[in-house]
1. For the ranges 27-40, 177-190, 53-66, what's the packing order if you count other beta-carbon atoms within 10 Å of each residue, average per peptide, and put the highest first?
2. On average over all directions, what projected area in square nanometres does the range 71-215 have, based on the convex hull of its Cα atoms?
3. About its Cα centre, what dipole magnitude does the chain give when the only charges are +1 on Lys and Arg Cβ and -1 on Asp and Glu Cβ, stated in debye to the nearest 20?
4. Within the range 50-72, name every residue whose backbone N is under 11 Å away from a label modeled 7 Å from Cα of residue 83 along the Cβ vector.
5. HN-Hα J couplings of the range 126-135 from phi, Karplus 6.51/-1.76/1.60, θ = phi - 60°, integer Hz, Gly and Pro as x?
6. Can you pick out the pairs among 324/351; 12/351; 12/36; 155/351 whose Cα atoms lie more than 29 Å from each other?
7. Extending each Cα 7 Å along its Cβ direction at residue 191 and residue 213, get the distance between those two points in nm, one decimal.
8. Sequence-distant or interchain residues sharing an amide H contact under 5 Å with residue 196, placed H: which?
Amino acid sequence: MTTPYLTIDLDKIEHNARSIVDICNRHGIEVAGVTKCVCGHPEVAKAMVRAGIRVIADARLENIQRLKSAGVAAAFMLLRIPALSTVDQVVESVGVSLNSELPVLAALSSAAQRRGRIHEVILMVDLGDLREGIWPDDLADFVARAIELPGIRIKGLGTNLACFSGVVPTQENMERLVALTRDIEETLGIDFEWISGVNSSGLSLIVAGHMPAAVNHARIGEAILLGRETICREPWEGTFQDAFALYAEVLEVRQKPSSPVGEPGQDAFGGRPRFEDRGIVMRALLNVGREDVDASGIMPLDPGITVLGASSGYLVVDATDAEKDIHVGDELGFSVNYGALLAAMTSEYVKKRAYREGAAVPC
Ligand SMILES: *Cc1c(COP(=O)(O)O)cnc(C)c1O
């Protein structure tokens, strides 16, 4: 296998998924497994399905197509608000989508009717994270209009927190979501099936026993993939944090100064980097760059190596204190955070090496 590559331990992902599903199920919450951070990698989705997940959610229709073509045995949910220009594909590809705009719902309604189908939707409510969703003041009018649309069935309300502004799910905002749901059900004489409350940031609230019982649906990605809750990024008990690792190859390793020589100006990305002068150091150049990874989101697996930065195609590390000798041609491994994983999965230059119990799985 040529470098760089990303290893994906499918057994660890399955284990993580099982552990998250168990916790949520014990609290009456169904889990949709979110694959957007791995670009809808079919083997990852299959690992989630083996762990008991029945619905796979992804933000991109292309990813959902890939999952379906690969025969992933699940129902599919579109996590991102559909673009008006994609309603036909949405109705074709998924049973459920998240929505917040009437023109889109109207178009989904027509698309569903043309196919003689019912398209299910979760209406997203913005409880303060200020990304997608209907503001609570506008909700009652919105739902009153949405239920009139033929071919559309409102499965319930949902909210997404801790993604854009970092607002955390609390007992208060979850109770607010439940109250909004009950209000609307009563006013309009309808029953919603789902209250889709949280993503990985809601796990702590669930295990603390502070999640209102009416919240019965969660959409979980990072906690399954990287084994962390996402408020403080603490490792989640009973999960692995190292299901993924990025490997790159050493292209150059040389003693050079730690501080740049010459007149300082901008780097390739318009930044003005500063480097601590530590005298002469052992610098190594590796074959991943900003095109493949977020250099601030990776950690060398070998002790004593530190990441200095990256340009589009190179990663530069300080290997002065490395415990092992570093040579040209060596592969160095790195752990990845959410942003780095997303970039590495998206980069076509990073090969994906998914395996189970030592057996490589074609990807
Ligand atoms: C990405 C996303 C999720 C999953 O978030 P994680 O933090 O990975 O669990 C859930 N819901 C929506 C709407 C999303 O966009």
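Where a number appears in this text, it was derived from the coordinates with a stated rule and is not lab data. Computed from a prediction, not measured in an experiment: that's the story for all the values here. Methodologically, a virtual Cβ is constructed for each residue, glycine included, from the backbone with ideal geometry; neighbour enumeration extends over all protein chains shown.
1. 27-40, 53-66, 177-190
2. 9.1
3. 840
4. 61-62
5. Once rounded to whole Hz, the list reads 8, 9, x, 7, 6, 10, 7, x, 7, 5.
6. Too far apart for the 29 Å limit: 155/351.
7. The two pseudo-label positions are separated by 1.7 nm.
8. 157, 158, 159
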